[in-house]
Amino acid sequence: MRHFRFITAAFATAALTLPLVAASATAEPSHGHRAAPHSNARFDQLRRAAPDGFFVGTAVAGGGHHLEQDYPDPFTSDKKYRKILGQQFSSLSPENQMKWEYIHPEQNRYNFGMADAIVDFADRHHQVVRGHTLLWHSQNPAWLEEGNFSDEELRAILHKHITTVVGRYAGRIQQWDVANEIFDGEGKLRTEENIWIRRLGPGIVADAFRWAHQADPKAKLFFNDYGVEDVNAKSDAYYALIKDLLKQGVPVHGFSSQAHLSTRYGFPGGLEESLRRFDGLGLETAITELDVRMDLPESGEPTDAQLRKQADYYQQALSACLAVDGCNSFTIWGFTDKYSWVPVFFSGEGSATVMTGDFARKPAFFALQSTLKKA
């Protein structure tokens, strides 16, 4: 199956060398079906189009910036959203609901309600879950960042957090983003921003992997970052670190590229090469947070040309993953513009997902669907 996926992915990649206008062909359902723009019929589901053993996922909207918006929690209140979430995808990633500030808001209190609900939802819909995230420099609660803890106390806090959270979902999480964004763009450790590395030293990263593995020996443990879609200083730093950790016997199982992309810039042509060299270390690889934002016209609506370019980026990212044997998990960071994080953090940019705010499917959706079917 892997060899066949490699061949078909190569054909899909070759097709991208055709003029961009050809991408409009991806905007229609294949196999003789013509579905409504909001269809989620079985033949139109991304999870059904994927090869066996290949997981197509999305982030589950909630927490973080959503708490400041004028709508209720998407996952629990939007029935249409939940229906599509269960029908279209075979993998779910809590967008914010497992991050420290949400799941561990006070030192002696955990907030497992929403994380439990997502994992239970995934079980009912025969989906896997990616846990996100255990060691990060961002979205930590004030009690942690501003607390007067000794190094020994801080180490114990991290150990207990990982043991408690990972242990709670043992056997129910397919992959964990253990260490998230630990290098900057120049490939240097975030020794100032990251409280764990700043206070406890680089060795704490290896300990986090060891503790997570002890809490759930079945889960695959990943490094996860943005800006590693090419062979560059940042991905070089991860490659060197992981190679060293593997020699030490540290249970590192995977490396993932977030792939938050923008049509302002060219598609990262080294994505497949970057994934492939981590595959060469014996790791699983994944695309974990793909979206493709664009500069919107004054109307706020993307042009047909912008939608075609976006579809091309989505297709190239999926084809790169399919071409690498160990890349079996492909996640988009939200599927509808209704709840996308992009307009909140990138002024003037938006329309980054595969569906509009009212859940109509864009050319990017069909680009993914057709590429999956070919594989």
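Quick notes
- First in the stretch 77-91 and outside any loop (DSSP other than H, G, I, E, B) and surrounded by 16 or more Cβ atoms within 10 Å (Cβ to Cβ), second anywhere and modelled with pLDDT of 95 or more and among the basic types (K, R), Cβ under 7 Å, 6 or more apart: Q88/R47; S91/R130
- Elements of the type helices (runs of 4 or more DSSP H) sitting completely within the stretch 100-205 and holding at least 1 residues that are under 23 Å from L246 (Cβ atoms) and open to solvent by 40 Å² or more (accessible area, probe 1.4 Å): these cover 151-168, 195-200.
- Screening D312 with (1) in a strand (DSSP E or B); (2) open to solvent by 10 Å² or more (accessible area, probe 1.4 Å) gives one miss only, at (1).
- Considering the conditions (1) closer than 19 Å to W136 by Cα; (2) in contact with a Gly (Cβ under 8 Å, 6 or more places away or on another chain), A212 is excluded by exactly one of them, (2).
- Candidates R47, R42, filtered to the one that is open to solvent by 10 Å² or more (accessible area, probe 1.4 Å) and modelled with pLDDT of 95 or more: R47
- Top-ranked residue in the stretch 277-287 [being touching a Cys at 6+ places or on another chain (Cβ under 9 Å) and of a type outside the set (S, T, N, Q); ranked as surrounded by the fewest Cβ atoms within 10 Å (Cβ to Cβ)]: D279
- Checked against (1) among the acidic types (D, E); (2) in a strand (DSSP E or B); (3) over 18 Å from S91 (Cα atoms), E289 passes all but condition (3).
- Any hit, the stretch 328-345, residues being modelled with pLDDT of 95 or more, under 26 Å from I173 (Cα atoms), buried (at least 17 other Cβ atoms within 10 Å of the Cβ) and in contact with a Lys or Arg (Cβ under 8 Å, 6 or more places away or on another chain): yes
- Within the stretch 226-271, being crowded, with 23+ Cβ neighbours inside 10 Å and in contact with a Ser or Thr (Cβ under 8 Å, 6 or more places away or on another chain) holds for V228, E229, S235, G254, F255, S256, S257, A259, L271.
The values are calculated or read from the model by the stated rules, or taken from the named source; none is laboratory data. No experiment lies behind these values; they were computed from the predicted model shown. So basically every Cβ, Gly included, is an ideal-geometry build from the backbone, and we count neighbours across all protein chains shown. We work out accessible area using only protein heavy atoms, side chains counted, and drop any ligands, DNA or RNA first. Shrake-Rupley method; radii C 1.70, N 1.55, O 1.52, S 1.80 Å.
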